[in-house]
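Before any comments, here is the structure.
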């Protein structure tokens, strides 16, 4: 009886993997093709377009790193694994969608400062690099990264969740730790460009490596030191922060006329 049951569970596991892979591929395709199409017009009209694009971009960047956790969570139940996987992933992405609100405010504010006072763009970029780099070296970053790298304790905690929204709650809980781990890396998009494809790909690779490689913690510290170096270097080479010194916000409709 064990072998047929095991064989019956394999298609479900494959279905989950296919769904996550397809969602990631679709998100990356949209990000590559529509990265400059963030909407324009009034501020009220820009925000929904930005949040939609931001959420899709977060799916592209974050799903490769969190897919193993989502799949493991789905496998903790003997049945209904695909709905568990979908709900967990939805809860996870809801956290990152909500993070789009401060991201929009920061991106728009930085763009206005850089437009009104061009020389201030370099100083803003230096502050962004310094804040990102400093956080990468903090104990809080290490705690959040540890939760993302070793989620077994969290999965045991999720087993106590009850109610129809328990899978959504589990995904949101994991997403909160992931946000605590990665917000400093997302902050760098303020300097590089929120929809800068190469920056997006590079940061996604760093995020995945931090969470999945054996020396991910060492990489996190190395990235922090590199960001601190950029905070100094941007004064000599402003193009290190093209979004704040080279007009990168123009295509997003966030920079003033």
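Tell me the residue from 218, 213 that is modelled with pLDDT under 95 and either on the phi < 0 side of the Ramachandran plot or under 21 Å from the mean Cα position of the chain (by Cα) (or both), please.
After ruling out the rest, the residue left standing is 213.
I need the full set of residues from segment 140-166 which are assigned to a helix (DSSP H, G or I), farther than 24 Å from residue 213 by Cα, touching a helix residue (DSSP H, G or I) at 6+ places or on another chain (Cβ under 7 Å) and free of Cβ contacts under 8 Å to residues at least 60 places away in the same chain, in order please.
none
For segment 183-224, name all the residues that are in contact (Cβ under 8 Å) with a residue 12 or more places away in the chain and not in a helix (DSSP H, G or I). Give the steps one after another, and end with the answer.
Of the residues in segment 183-224, the ones in contact (Cβ under 8 Å) with a residue 12 or more places away in the chain are 183-197, 200, 203-204, 206-208, 210-212, 216-217, 219-221, 223-224.
Matches in segment 183-224: 188, 193, 194, 195, 196.
Scan segment 117-131 and give yes if some residue there is modelled with pLDDT of 95 or more and not in a helix (DSSP H, G or I), otherwise no.
No: segment 117-131 contains no residue that is modelled with pLDDT of 95 or more and not in a helix (DSSP H, G or I).
Let's see how each residue does on (1) over 22 Å from residue 115 (Cα atoms); (2) surrounded by 17 or more Cβ atoms within 10 Å (Cβ to Cβ); (3) in contact with a helix residue (DSSP H, G or I) (Cβ under 9 Å, 6 or more places away or on another chain):
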position	(1), (2), (3)
180	yes, yes, yes
192	no, yes, yes
197	yes, no, yes
204	yes, yes, yes
216	yes, yes, yes
224	yes, yes, yes
230	no, yes, yes
243	no, yes, yes
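The values are calculated or read from the model by the stated rules, or taken from the named source; none is laboratory data. Predicted model, so just to flag it, every value in this text is computed and none were measured. Don't worry about glycine lacking a Cβ; one is built from the backbone with ideal geometry, like all the others, and counts go over all protein chains shown.
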